[in-house]
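J.: This is the structure I have questions about; it appears just below.
The values are calculated or read from the model by the stated rules, or taken from the named source; none is laboratory data. The structure presented is a predicted model; accordingly, all values stated were derived computationally and were not measured. Positions of Cβ are backbone-derived with ideal geometry, glycine not excepted, and every protein chain shown enters the neighbour counts. These area figures cover heavy atoms from the full protein model, side chains too; ligands, DNA and RNA do not enter into them. Shrake-Rupley method; radii C 1.70, N 1.55, O 1.52, S 1.80 Å.
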Amino acid sequence: PAKEGCSAAWPELDYGNVTASCTVDAVYTPYTSALTDGGELPEILVDGSFSSGAQVSHNSREETWTDREGKEYQGTVWTVTVTDPELEEVSYTIHCRLPEEGKSWQLWVKGEDGWQRQDSTIDGSYLLLKGTGETTVFCILPQPFPTALVVVLILVLILAAGVVILLVRRRRRIKART
């Protein structure tokens with residue numbers, strides 16, 4: 001019988017020729033909770049509930065793509081594939097080691113509708129994202145500096161400097177009259 005949280009295996013028998021009662025011992029193996037690419041500090045770690053036969057593979061390549069609005073992006077695209085021969089539907093979280101700590105990052109995931117920006121979580125040196133089916137394709141890009149904010153700050157500083165200059169001139173005129 002099935003046992004929750006485990007995969008089961010039993011000896012191969014020809015059940016067509018069984019003529020008497022027979023005891024078959026099933027070996028239950030708890031599902032694995034994480035799969036890695038084998039490195040000490042793995043680039044990719046997959047966290048979920050997997051049978052003992054599950055495997056993770058990944059590759060990366062430089063790619064250029066456009067989003068739905070036609071804006072072009074370029075970066076390292078990761079393809080992570082999780083195969084589990086015993087589970088039909090696998091739910092997992094991908095942990096991808098970030099190129100640098102201390103920066104802001106944006107996550108792009110390729111789906112049926114093309115590339116879309118998605119929310120993510122940072123956990124230490126890793127960016128976390130939900131796996132989408134057997135294969136997940138994603139890219140992590142540095143968050144661009146908000147140039148609009150810089151322009152607004154410069155305009156505010158220019159305006160403040162102009163107000164200070166006007167106030168100083170006004171005081172000088174008042175002092176000159178007295």
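J.: Condition first: among the polar types (S, T, N, Q) and either touching a Cys at 6+ places or on another chain (Cβ under 9 Å) or assigned to a loop (DSSP other than H, G, I, E, B) (or both). Now tell me which residues in the stretch 80-105 satisfy that.
T.: Scanning the stretch 80-105 gives SER91, SER104.
J.: Answer yes or no: is there a residue in the stretch 142-150 that is among the aromatic types (Phe, Trp, Tyr) and open to solvent by less than 30 Å² (accessible area, probe 1.4 Å).
T.: Within the stretch 142-150, none of the residues are among the aromatic types (Phe, Trp, Tyr) and open to solvent by less than 30 Å² (accessible area, probe 1.4 Å).
J.: Scan the stretch 1-27 residue by residue and report those that are open to solvent by 70 Å² or more (accessible area, probe 1.4 Å) and either at pLDDT below 70 or among the aromatic types (Phe, Trp, Tyr) (or both).
T.: Of everything in the stretch 1-27, those that are open to solvent by 70 Å² or more (accessible area, probe 1.4 Å) and either at pLDDT below 70 or among the aromatic types (Phe, Trp, Tyr) (or both) turn out to be PRO1, TRP10, TYR15.
J.: Residues in the stretch 86-110 that are among the aromatic types (Phe, Trp, Tyr) and either closer than 16 Å to GLN143 by Cβ or open to solvent by 80 Å² or more (accessible area, probe 1.4 Å) (or both): how many?
T.: Matching residues across the stretch 86-110 total 2.
J.: Quickly run through the stretch 65-85 and pick out the residues that are open to solvent by less than 70 Å² (accessible area, probe 1.4 Å) and of a type in the set (S, T, N, Q).
T.: Result: THR76, THR79, THR81, THR83.
J.: Would you confirm whether or not the stretch 121-130 contains a residue that is closer than 30 Å to ASN59 by Cβ, assigned to a loop (DSSP other than H, G, I, E, B) and open to solvent by 70 Å² or more (accessible area, probe 1.4 Å)?
T.: Within the stretch 121-130 (the criterion being closer than 30 Å to ASN59 by Cβ, assigned to a loop (DSSP other than H, G, I, E, B) and open to solvent by 70 Å² or more (accessible area, probe 1.4 Å)), the answer is no, since none of the residues qualifies.
J.: I would also like to ask the following. Mind checking whether some residue in the stretch 52-62 is loosely packed, with under 12 Cβ neighbours inside 10 Å, at pLDDT 75 or above and of a type in the set (S, T, N, Q)?
T.: Looking for residues that are loosely packed, with under 12 Cβ neighbours inside 10 Å, at pLDDT 75 or above and of a type in the set (S, T, N, Q), one finds at least one in the stretch 52-62, hence yes.
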